1. How many nm separate the modelled label positions at Trp587 and Asp209, each set 7 Å beyond the Cα in the direction of the Cβ?
2. Which of the aspartates and glutamates could be linked to Lys725 by a straight reach, that is with a Cα gap under 12 Å, when you skip same-chain ones fewer than 8 residues away?
3. Can you tell me the relative contact order of the range 92-249? Whole percent, Cα pairs under 8 Å, sequence separation 6 or more.
4. At 1.4 Å probe size, with no ligands or nucleic acids counted, give the accessible surface of Glu521 in Å², nearest ten.
5. Going by a ≥ b ≥ c, the root eigenvalues of the Cα gyration tensor, does the chain fall in the rounded group (a/c under 1.5), the prolate group (a/b larger than b/c) or the oblate group?
6. GluC sites (Glu not before Pro) within the range 665-738: which are DSSP loop residues with at most 12 other Cβ atoms inside 10 Å?
7. Given that compact globular proteins tend to follow 2.2 N^0.38 Å, what is the ratio of the alpha-carbon Rg of the range 617-690 to that value?
8. So how much accessible area does Arg657 have, in Å² to the nearest 10, using a 1.4 Å probe?
Amino acid sequence: MEPKTSAQVCGMGHSMKRKEDPRFIRGRGNYVDDIQLPGMLHMDIVRSPFAHAKIKSINGDKALKVPGVLAVITGETLAKYNLHWMPTLMSDTQMVLPTEKVMYQAQEVAAVIATDRYTAADGVEAVEVDYEPLPVVVDPFQALQPGAPVLRTDKKDKKDNRIFHWEAGDRAATDQAFAQADVVVKQDMYIPRIHVASIETCGCVADFDRVTGKLTVYMTTQAPHAIRTVFALVAGHVGLSEEKIRIVSPDIGGGFGGKVPVYPGYVIAVAASVVIGKPVKWVEDRMENLQADSFARDYHIHAELAAKKDGTMTALKIKTVADHGYTDAAANPSKFPAGLYSIVTGSYDLKRAFAEVDGVYTNKPPGGIAYRCSFRVTEAVHCIERITDVLAQELKMDPAELRMKNFIPKEKFPYKSALGWEYDSGDYHAALQKALDKIGYAELRKEQAEKRARGELMGIGISSFTEIVGAGPSKQFDILGIKMFDSAEIRVHPTGKAIARFGTKSQGQGHETTYAQIVAEELGIPAAHVQVEEGDTDTAPYGLGTYASRSTPTAGAAGAMAARKIREKAKKIAAHLLECSEDDLVWEPGKFSVKGSPQRSKTIQDIALAAYTNHPQGMEAGLEATSYYDPPNLTFPFGSYVCVVDIDRGTGMVKIRRFVAVDDCGNIINPMIVDGQIHGGLAMGMAPALFEEISYDEDGNVQGGSFMDYLLPTAMETPSWELDKTVTPSPHHPFGAKGVGESATVGAPPAIVNAVVDALAHLGVKHVDIPMTPERVWKILKEKGVAE
Ligand code: CDP
């Protein structure tokens, strides 16, 4: 899309440099740990060495003797105020601090408040806890067995470890389609637990002012308003009412879904500040962050795909066991316990489908957060893109040809999927064709055949994903009953500059820039003169926050709608100034002029001044508007990725030689920022495909609880991504945009797995689970007799 505005105005389509970067590259960002308040105290947390154990006693006497330690807080302390349990965002319950037993290794057991961080850590060392180990359940399938120990003994009526059973689609019709199919393929796949591992860990500074009764919490949260409401609901009975709570999200060093939940540390720090009357800072260390914060994925999937002999897919059946750890602390919309997993029919015109998920408790930290994906979409895309390749292999059909044959044709949009979604727009054939052309697919297949003849292992993998982002239409989406919409408030100052505030919260995505570009596009005020603010509940309009690539589809849309309201008022003022009828005015970015007399015009800056100095009689002064935007539907970004890998027969090392990513997120606000989102997303998609996993031994001991053994990829492992795009606007979004933040993380893993399986397919390999570490791949090579 060619930009409609000048480079000076910098509306949509300009690769404007990020307005936030000058402070970051100068080291002047303001993160939670940068906040220093007078008299501030520090908190550290005692954590459980056991995955399941009764707490017989907690003795803080020795800790209290450490000079500088002021308090030891336990579950008993909080129980006096009924604050030892809290609700999760999925309406489950979670311990703030335990009074009876711990349920996972590294769970919070007690907290120590001291004059500085090091003294608090010394205090933690001195707290004595007497545990009595209990039987541990780490395997969700065992947890579902009759006779398995029931873990949530706090829930008096709970007789097993099943959290929920969820299903979508028509089981009978799907079974019938399977019975009539020429070909049925089946595949088990496991998508292991991984962690967002953002650069900044979680933390807060809780500051309760005893005189005003006001609580200010600076915290690492992606959803400040929702958190304020949750705090008011949980602690209203001890006097914290919502108007007395201010949540501030300062700069955030990466969230990726991991900073949506309420962690016990936040609540304990607040309780400590209220009781002691001083600010209390709590910032996790890296190991606490990796071991105890909410996890993503952990889906055990069984997929079945039915097709005709010619490759036409006819039906899909999915059964999944979801390991949620000891509590369901996912942040899904409340009607969707398995998130938006029902996007699992993907980009294909599948007439019949049925999907079911059982959520299960185990002795692990809470899981199920949407790590850079819109609530389980990564798992869904992995499933459909893998089983599609399994079918291609079974039919001995080229995977690109099979996809082209089954894609939803562009004429069928808006398209109603078998599992109930209405896809807004798409052109899947164009995206895949572009990716195949760019990578030189036919040539690569020839090269592969030659290499294979020489015994070399080269593979080509495709993933043609459909995302579902922008939660959401409030008729379907809510978090703890709060409807999901988002908001913007714009005020134009007399000199024609503006401030725009939003209900979302950037964690590195560049909202200060792109939101300013939206206002620039709609009003013609240069983006450089639009100041964007988010994250302070005392000033920003109420919104549901940033996760699940929802900011552009919701708050971005609200920004455009608020700007359009301002334009309507500006038109009235322009008509007054130009002494003509509103109907005689035409708008071009930045000014109204009289039809047929373009020299008679008023710029938005003239109009802004008049709004405060010379507005029509009877009109209110000022130029500002607010919008609470409730999208009519989600947006469905998509893309086609093609990956080429070479596998070393000596080490099992998978090397990504080339990776072409063709993305479509509708109309683009800032192409450079979108490319950056895709680069980062691809790296975060490669990471679990090749390296990352957090597993547990049978006693529930976490393996991978530090960066020594949780393998984050670095620049060394990351290939040079080759990007391209198609543009299929969303028909219902005010400026035709779809979200993009997560597309690449969702689309990349199956492209890489499909490439690895393709490299090994002639040896009879049908599937490889992730992460495809050198060890895992080498074992396959050894088994097939081709390891060197
Ligand atoms: O909710 P989140 O900001 O993580 O996701 P998003 O709405 O997908 O946006 C990520 C970044 O890309 C933001 O800065 C958006 O404004 C920008 N973007 C864009 O420039 N054009 C689009 N069509 C979509 C997003």
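1. The two pseudo-label positions are separated by 4.0 nm.
2. Excluding near neighbours in sequence, the set is Asp427, Asp663, Asp664, Asp675.
3. On the way: 104 pairs, mean separation 16.6, N = 158.
Once normalised by length, the contact order is 11 percent.
4. Roll a 1.4 Å probe over it and Glu521 shows about 20 Å².
5. Working: a/c = 1.82, a/b = 1.05, b/c = 1.74.
It comes out oblate by the Cα gyration axes.
6. Details: sites: Glu692, Glu693, Glu698, Glu717, Glu722; in loops: Glu692, Glu693, Glu698, Glu717.
Answer by residue number: Glu698.
7. Numbers: Rg = 21.8 Å, N = 74, 2.2 N^0.38 = 11.3 Å.
Expressed relative to 2.2 N^0.38 Å, the Cα Rg reads 1.93.
8. Around 80 Å² of this residue is reachable by solvent.
The values are calculated or read from the model by the stated rules, or taken from the named source; none is laboratory data. Keep in mind it's a predicted model, so treat the numbers as computed, not measured. Every residue, glycine as well, gets a Cβ built from its backbone with ideal geometry; the counts of neighbours run over all protein chains shown. These accessible areas exclude ligands, DNA and RNA; they are computed on the full protein's heavy atoms, side chains included. Shrake-Rupley method; radii C 1.70, N 1.55, O 1.52, S 1.80 Å.
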